[in-house]
Amino acid sequence: MIELKGLTKVYGKGRNTATALSQLDLSIRKGEIFGVIGHSGAGKSTLIRCINLLERPTQGEVWVDGVELTKLSRGQLQAQRRKIGMIFQHFNLLSSATVYDNIAFPLRLISTSRAAIDSKVNELLTLVGLEEHKDKYPAQLSGGQKQRVGVARALASDPDVLLCDEATSALDPQTTDSILRLLLDINKRFHLTIVLITHEMHVIQSICDRVAVIHGGGIVEQGDVAKVFLKPQHEITREFIRSETQNDGPLRAAIDAPHPESSQAVKITFLGQKTYESTLSHVVKETGVIFAILQGTISTIKDVPYGQLIVRFEGSAEAIRETIGKLTAQGLDVEVLD
Ligand code: ADP
């Protein structure tokens, strides 16, 4: 659906240049919710703005639905852009227009009939739950309501792709969740491809199918969210995940604490239905190993349950080895911690 090939963006000229993206390749599938996570300055905004050419890449190709956008004339590009909606961190609404008129705006630009506009805007107002607010001005709305107007406006021209530029970063956690649920709902309902950029792992974990981690203008890691989240390979990814979990200091101390028995700290990862099964207690019953729980999480990635437990097994070296072997044979991932 979206292919970025060798994307490079250099801002400025002469000595004052900044390379925001460097030879970046990325492939996004039709109908998926794809997240790009990175720290401030990593190149996220530049990347997402290159997808609809709000920012023109210095080099590289931008393919959306089989069309290479950088090669198009101005008129052709305008037509293609109608298939790509966008929402923004600070909503970018017209302050002097009502909710209704903000949503109608893109339709008026393409000379849609009054009746068609009315029908479409009312349908969108229902979709985002703002029917009662249609005559209000943006200043009279909460942040979450403003973003709902942004979503409705972005959907007015029936796009195939929705770009979300830090769309929940200005919202409180509860409102963030309601906007994320709305995005998930429209993704499912219209099979809309959604690309979002964020600096919050929580946003990725809640609604994305796949994720790319961007750092210094390049992708350092990408894949299914569960894989990247549960088995991060790059230090930057680990940092994002750590920032979402507990303080690691006491855990480290517990792992390192001297222990009289023969023991081994391990991290056990459960994914899907296995999260709720009693595999661990069956296995330790068989091997006679006992364990202390040092840290534990049971949560979901999108709709998929997962669990991650850090435990210290206590028993003979042989029994601990057997325990790890049996857990692995049952399909759990066991990482031995130093
Ligand atoms: P992010 O969205 O991850 O914070 P950006 O894409 O905004 O990152 O920026 C990537 C890099 O490009 C940063 O070093 C930033 O300073 C630089 N940059 C972004 N926009 C401009 C611009 N208009 N002019 C010059 N440098 C820019």
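Quick rundown of the values:
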{"quantity": "GNM top mover of Ile301, Ile241, Ile290 - the chain, alpha-carbon springs below 10 Å", "calculated": "Ile290"}
{"quantity": "Max mean-square fluctuation residue, GNM over the chain, Cα-Cα springs under 10 Å, options Ile293, Ile103, Ile194", "calculated": "Ile293"}
{"quantity": "Förster-model FRET efficiency, 51 Å R0, Glu261 and Asn122, C-beta, rounded to 0.05", "calculated": "0.15"}
{"quantity": "Segment 307-324 - phi-based ³J(HN,Hα) in whole Hz, Karplus 6.51/-1.76/1.60, Gly and Pro as x", "calculated": "x, 9, 10, 9, 10, 10, 7, 10, x, 5, 4, 5, 5, 5, 4, 5, 4, 4"}
{"quantity": "Segment 2-236: radius of gyration over Cα atoms, expressed as a fraction of 2.2 N^0.38 Å", "calculated": "1.02"}
{"quantity": "Total formal charge among the other residues, if their Cβ is under 12 angstrom from that of Lys227, Lys/Arg +1 and Asp/Glu -1", "calculated": "-2"}
{"quantity": "Alpha-carbon centroids, segment 120-169 and segment 58-84: separation in whole Å", "calculated": "25 Å"}
{"quantity": "Accessible surface of Phe291 - all protein chains present, 1.4 Å probe, nearest 10 Å²", "calculated": "70 Å²"}
{"quantity": "Förster-model FRET efficiency, 45 Å R0, Gln273 and Lys13, C-beta, rounded to 0.05", "calculated": "0.20"}
{"quantity": "For the chain, built as a Gaussian network whose Cα springs stay under 10 Å, the top-fluctuating residue of His202, His191, His282", "calculated": "His282"}
{"quantity": "Mean shadow area of segment 245-336 over all directions, Cα convex hull, nm²", "calculated": "5.9 nm²"}
{"quantity": "Of Lys120/Lys188; Lys44/Lys188; Lys9/Lys120; Lys13/Lys71; Lys188/Lys231; Lys9/Lys136, those spanning more than 29 Å from alpha-carbon to alpha-carbon", "calculated": "Lys9/Lys120; Lys9/Lys136"}
{"quantity": "FRET E, pair Asp158, Ser96, Förster distance 30 Å, beta-carbon r, rounded to 0.05", "calculated": "0.70"}
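The values are calculated or read from the model by the stated rules, or taken from the named source; none is laboratory data. All values derive from a computational prediction rather than experimental measurement. Glycine gets a Cβ as well: all are built from the backbone with ideal geometry, and neighbour counts include every protein chain shown. Accessible surface is based on the protein model in full, side chains and every heavy atom, while ligands, DNA and RNA are left aside. Shrake-Rupley method; radii C 1.70, N 1.55, O 1.52, S 1.80 Å.
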